[in-house]
Amino acid sequence: DIQMTQSPASLSASLGETVTIECRASEDIYSNLAWYQQKPGNSPQLLIYDANSLADGVPSRFSGSGSGTQYSLKINSLQSEDVASYFCQQYNNYPYTFGAGTKLELK
Amino acid sequence: EVQLVESGGSLVQPGGSLKLSCVASGFTFSNYWMDWVRQTPGKSLEWIGEINTDGSKTNYAPSIKDRFTISRDNAKSTLYLQMSNVKSDDTAIYYCTITTTGYFDYWGQGVMVTVSS
């Protein structure tokens, strides 16, 4: 199985700040990577697919980048509604696997 | 509007069985692969498996293979997850999802399954 190592596990940031979350795969996943946002009490929602493509309706302050084994999710100008947990997921190989998540809080 | 509504979750004893359902609406169900994903009490996400558009092909995670079975009824726009020989590690929220080439476009609200004696 491909292991997805996500960092940091938790993050505290101020409104307006830029935040970056990292995800490292145990082998090359050829940009077959998605990011999800899960707000407290809700289901996960797709943010980014194919490493850098924004899902429908997702604000442009979210962006994804990376290749090979290293990927990142960036949130520009942090808003209060961005308080959530974020997960990466690889879909290059079965079984599909997720990172352990990053909990983002406001400072 | 895409809607996925899971049901069937409950408290079940170790070794028991349970069948979850997911009723889909707002899109052409028969055109999409569908998956089940679960989230443990510790918040980890785990892919369970998937089924193709006509139900002829399934793929499963090794951790649940031979215990869980995914099926679908396109006439009823419903996805199923038959769980058997359940273990305490199967305690989780179970989500049905629409899949596009491996990532999960839409998620249901989830249904809770608790395995305990």
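Computed from the coordinates by the stated procedures, all read-outs in this text should not be read as laboratory data. Just so it is clear, the model here is predicted, and its values are computed rather than measured. Cβ sites come from the backbone with ideal geometry, for glycine too, and all protein chains shown count toward neighbours.
Yes or no: B:Thr69 out of contact with any Gly (no Cβ under 8 Å at 6 or more places or on another chain), over 26 Å from A:Gln37 (Cα atoms) and assigned to a strand (DSSP E or B)?
yes
Quickly run through segment B:30-47 and pick out the residues that are more than 9 Å from every other protein chain (Cβ to nearest Cβ), hydrophobic (A, V, I, L, M, F, W, C) and either buried (at least 20 other Cβ atoms within 10 Å of the Cβ) or closer than 15 Å to A:Ser85 by Cβ (or both).
Passing the criteria: B:Met34, B:Trp36.
Matching residues to (1) aromatic (Phe, Trp, Tyr); (2) more than 14 Å from chain A (Cβ to nearest Cβ); (3) over 11 Å from the mean Cα position of the chain (by Cα); (4) in a strand (DSSP E or B):
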| residue | (1), (2), (3), (4) |
| --- | --- |
| B:Thr53 | no, yes, yes, no |
| B:Ser56 | no, yes, yes, no |
| B:Lys65 | no, no, yes, no |
| B:Ala75 | no, yes, yes, no |
| B:Leu79 | no, yes, no, yes |
| B:Ile93 | no, no, no, yes |
| B:Tyr106 | yes, no, yes, yes |
| B:Gln109 | no, no, yes, no |
